[in-house]
Structure formats: structure tokens, C-alpha cells
Amino acid sequence: MLKRKILAVFLCLVMMVVFVTGCGGGGQSSEPEEPAETPSTPEPAAKIGEGRTLVVGIWGGPQEDLVREYVIKPFEEETGATVELVLGGSSDRFARLYAEKDNPTMDIVYLGMGQTIQAAKDGLILPPNPDGVPEYNNLYEQAKAAGAYGVSIMAIGIMYNTETVDTAPTSWKDLWKPEYKGKVAPFVFPGTQGTGFLVMAARVHGGDESNIDPGFEALKQLKPYPAILSGIDETNLAFQQGDVWFTPQIHGYVYEYKDQGGKVDFVMPEEGAPLAMNSAAIVKGSKNVDLAEIFINYHLSQAAQEAYARELFYAPTNKTVVLDDELAAKMPYGEEQVSKLTVLDDETISANQADWAERWNREILN
């Protein structure tokens, strides 16, 4: 009996100790438990272009709109960089490229074909880098010819008036038919259309870029000219009024006017249509070459190339770009059509341009 009482007392003491300990007995506060650490959210990786600005010299108007939507927008989203555009004509950019050769302010410059070839020859632009611009590997060989990244192909052929001409021409020589005398309008020289017409006139009359005399003699035979054209609006108005039946013109301008209701059409002559091309080049001395390559790669993508074709009828330089049949029919599209374009000797043209301009003013304008 005594043992049972002792055991009962012992159990009571044990229970009291447990109760006091569990409640923080003795008036002492227990140490607060440390809250569990919340896993920290990792900082997003910095984008390659954050805090940097890429300066791009390009044409304004529709080209600016297209490049903002299909090139700049995805480029800035990917890189975090900001793009600053220098807008204007290619002649202004070309002159600025030379003026700033020791301290360039532009990272990318868009130029015509002859200008690109000259800038590459003078070492003012960097050679293409397929590793940095993977789409370069998909360009037509003609799009690589200028020594940069060809972004749009244009053909210089014959624009003719469908209201006054019953049978479409097939040859440059057709423009010298007696019944068309006084109805063929040259374009100003120097200029893309004017230069192409002079050289092709020389070629189909026994000369070439190294022997331009037959070209000048042939153009003089077309006098009197209904006009010497210099702009798109002026050209379209001359055709609308019926003053001009034929002129050398870039295919895209013809189809653009035709879509607006113009009574015109375009022919790539059997002797060849001179290739005109706009290129993007990275300026030597640029501190943003990595960004420039990403930018140009976007311009060579399906989205940008298709948009240029749809809005401006500029043919893609990237042979993997897919166009629907109706749109493709309005431009030199695909290996077969692009191979028919004539690559002029721009180096010889550039070397003689000043002399030819003087001769143009003396023999053609008078």
C-alpha cells in the first residue's frame, strides 16, 4: 500500500514537471522560433543590350514603318537595347559614312548597291559574318555580291502604258521601234533607273560599261523625249496623261501604281533586267557589332522580308522566304527569276560616273 502511494506521488510530480515545461513555467518566456526562410526569386538575367543604343541609318516613309514593326520591335524585346534611326536618302548616309570614318556615329547603314560596293572597297564597312548573322547563309548569291547583307532585290525593267501600247515589249531594243519615237522617257542620270538604262542601251547596241559610247548614241536616237523623269509621282502622272509610253523603272513602283489603278505593266526584257539592291552594312568601328548582327538577322527573317514584299513589292533576298503565288508573280522571286537579273559592273560605273554625268548634261539634256 505504501508503495502504491509513493508511486502515485511520483507520477504526479512527473506530470507537473511536464506541464510546467510545456507552458514555459517558472515565469520565463521561451525563445521565439526563427521563421522559415522564404526562397528568394532569382533576378532575371540581364539582356545583352540593356543600357545600349544602336544607331541605324535608313530611309524614311514606308521603309521606316516596316522596319519599326518587323525589325525594331522584336529586336528591342530580345536585346533590351534602344534603336535610334537616322532617316534620309542613301546619298546623305554615304557621305556621312566617309566624313565620320575615324569616329562613326552610325552602327548600321543602309545603302544602294553601288554605294555598298564602294564602301566595302574603301574598308568603311565590315565584311559579312555568317556566324553572327545566320540568315546570311540563306541569301541568294546575288544578294551577297555587294559585300554586305542584301535586304531587298529590285529589277530595273520596262514600265509601259497599257492604254497606248497594244503589244507588250519583250526586249530593250523594242524601245527603238520607229512607231515609238518621242514616247520613250529616260530617267535622270546618275540614278538607279537612269544608270541602268544607259548601260543596257550600251549593251544591246554593242557596248558595255567599259564602252559606253553606244549607249549615249542610242539614247540620242530616242529624241525628242516626252520627259526626263526623276520621281515616282511625276512618272505616274506622265503615264496617266498619256505623254509617256515607256520608261525604265523599278518593278515595285510599277506594281504599286498598277494596284492603285494605273494603266501600266512591267516587263523584264529578254537581254536582262539590271539588279538593283538595298543592303544593310555594319560600319567599321561600331561598338555594337553584336547588336547590329542581331538586328540585321531580323531584317533577313521571313516576317520582315515578307512584309517588304507585300507592302513595297521588294523581292526577298532570302531564298527560304515563302510568298503566295499572286505576290510572287509581281517580283523576281525564286532561284530562276533572280538568276535572270543582270549584275552591272558597279566598280566601272562608279569610276566613270562623274565623266558620264558631264557627258549626259552635254549630249542628252541639250
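Results, tabulated for the structure shown:
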{"quantity": "Among the candidates G231, G272, residue that is out of contact with any Cys (no Cβ under 6 Å at 6 or more places or on another chain), surrounded by fewer than 21 Cβ atoms within 10 Å (Cβ to Cβ) and at positive phi", "calculated": "G272"}
{"quantity": "Pair list, Cβ < 8 Å and 6+ apart or interchain, from segment 159-176 residues that are farther than 17 Å from T342 by Cβ and assigned by TED's automatic domain parsing to the domain that holds G262 to residues that are of a type in the set (A, V, I, L, M, F, W, C) and surrounded by fewer than 19 Cβ atoms within 10 Å (Cβ to Cβ)", "calculated": "Y160/A168"}
{"quantity": "Selected residue [touching a strand residue (DSSP E or B) at 6+ places or on another chain (Cβ under 9 Å), acidic (D, E) and not assigned by TED's automatic domain parsing to the domain that holds S91] from D213, D233, D265", "calculated": "D265"}
{"quantity": "Residue match in segment 250-272 (condition: of a type in the set (S, T, Y) and closer than 17 Å to P169 by Cα)", "calculated": "yes"}
{"quantity": "Which listed residue is modelled with pLDDT of 95 or more, of a type outside the set (A, V, I, L, M, F, W, C) and exposed (fewer than 12 other Cβ atoms within 10 Å of the Cβ), from E358, E335", "calculated": "E358"}
{"quantity": "All positions within segment 205-237 that are among the hydrophobic types (A, V, I, L, M, F, W, C), within 20 Å of W176 (Cβ to Cβ) and under 32 Å from the mean Cα position of the chain (by Cα)", "calculated": "I212, A227, I228, L229"}
{"quantity": "Selection within segment 106-140 - out of contact with any Ser or Thr (no Cβ under 7 Å at 6 or more places or on another chain), closer than 16 Å to D290 by Cα and touching a residue at least 40 places away in the same chain (Cβ under 8 Å)", "calculated": "M106, I108, V109, I125, L126, N129, G132, V133, P134, Y136"}
{"quantity": "Segment 67-87, subset without any contact (Cβ under 8 Å) to a residue 60 or more places away in the chain and more than 18 Å from the chain's Cα centre (by Cα), residue nearest to G57 (Cα to Cα)", "calculated": "T82"}
{"quantity": "Those residues of segment 262-320 which are of a type in the set (V, I, T) and either closer than 17 Å to Y70 by Cβ or outside any helix (DSSP H, G or I) (or both), in sequence order", "calculated": "V264, V267, I282, V283, I294, I296, T317, T320"}
{"quantity": "Count - residues of segment 136-164 that are part of a helix (DSSP H, G or I) and either on the phi > 0 side of the Ramachandran plot or surrounded by 21 or more Cβ atoms within 10 Å (Cβ to Cβ) (or both)", "calculated": "2"}
{"quantity": "Qualifying residues in segment 293-314 (those that are in contact (Cβ under 8 Å) with a residue 60 or more places away in the chain and either among the basic types (K, R) or farther than 19 Å from N137 by Cβ (or both)) - the one surrounded by the fewest Cβ atoms within 10 Å (Cβ to Cβ)", "calculated": "E311"}
{"quantity": "Residue in segment 204-225 that is surrounded by the fewest Cβ atoms within 10 Å (Cβ to Cβ), counting only those that are within 20 Å of M268 (Cβ to Cβ) and out of contact with any Ser or Thr (no Cβ under 8 Å at 6 or more places or on another chain)", "calculated": "D208"}
{"quantity": "Only listed residue being at pLDDT 95 or above, in contact with a strand residue (DSSP E or B) (Cβ under 6 Å, 6 or more places away or on another chain) and not assigned by TED's automatic domain parsing to the domain that holds P190, chosen from Y110, Y98, Y70", "calculated": "Y110"}
{"quantity": "Lone unmet requirement of (1) free of Cβ contacts under 8 Å to residues at least 40 places away in the same chain; (2) surrounded by 23 or more Cβ atoms within 10 Å (Cβ to Cβ) for K258", "calculated": "(2)"}
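One line per residue, one yes/no per condition, for (1) closer than 30 Å to V109 by Cβ; (2) among the charged types (D, E, K, R):
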position	(1), (2)
G157	yes, no
W172	no, no
K177	no, yes
A185	no, no
P190	yes, no
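The values are calculated or read from the model by the stated rules, or taken from the named source; none is laboratory data. Small disclaimer: the values here were computed from a predicted structure and weren't measured. With ideal geometry, Cβ positions are generated from the backbone for all residues, glycine too; neighbour counts draw on all protein chains shown.
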